[in-house]
Amino acid sequence: MNATMKKFGYPETLVVEFDHWAVLVRANQVTLGSLVLAASGDATAYSQLPEAAFAEQSKAVGAIEHALKRFVDYERINYLMLMMVDPHVHFHVIPRYEGSRDWNGQTFRDAGWPGPPRLETGIALRHDDQHKLTSELAGIFR
């Protein structure tokens, strides 16, 4: 675990963990199913990741895409490597769709569709909702 993972709620927001990567629920849901794919080591540059992390990343991405397709039926998916505030290697995973998706009594719109995601329009989940979403997604990943 590193500080970036902790900031994104690890271990409470952990959906699935690989040897070199962790998939976490993003507290601010840009679109329903927004995640963080975080490298679990201390690398602060993508090029610093060990070779095994690059090989395993394809497994993590495949699992993410399969699970999110089942959960939210996205039309596109964006992987944003921003790393401006949080220094350790991580990607914001934003499933994209036209219109909206409903979950747990809330409506999640893709405000940027079909253009770039609008990160500022996300819904900040309450702690209970974040826990429920984490549990639901973890069940799909299994």
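The table that follows gives values for the structure above.
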| item | result |
| --- | --- |
| 17 Å Cα-Cα reach of residue 69 towards lysines, excluding residues that sit fewer than 8 places from it in its own chain | 59 |
| Length-normalised contact order of the range 3-141 in % [C-alpha pairs under 8 Å, at least 6 apart] | 30 percent |
| Scattering curve values for the range 3-141, log₁₀ I(q)/I(0), Debye with Cα scatterers, q = 0.13, 0.14, 0.19, 0.22 Å⁻¹ | -0.51, -0.59, -1.12, -1.48 |
| Magnitude of the charge dipole, the range 3-141, Cβ model with Lys/Arg +1 and Asp/Glu -1, debye to 20 | 260 debye |
| Hits among aspartates and glutamates - C-alpha to C-alpha of residue 6 under 20 Å, sequence gap 8 or more where chains match | 17, 19, 42, 86, 128, 129 |
| Computed FRET value (nearest 0.05) for residue 121 with residue 7, which takes r as the C-beta separation and R₀ as 25 Å | 0.75 |
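Every read-out reported here was derived from the displayed coordinates using simple, explicitly stated rules and does not represent laboratory data. For clarity, every value in this text was computed on a predicted model and none was experimentally measured. Glycine gets a Cβ as well: all are built from the backbone with ideal geometry, and neighbour counts include every protein chain shown.
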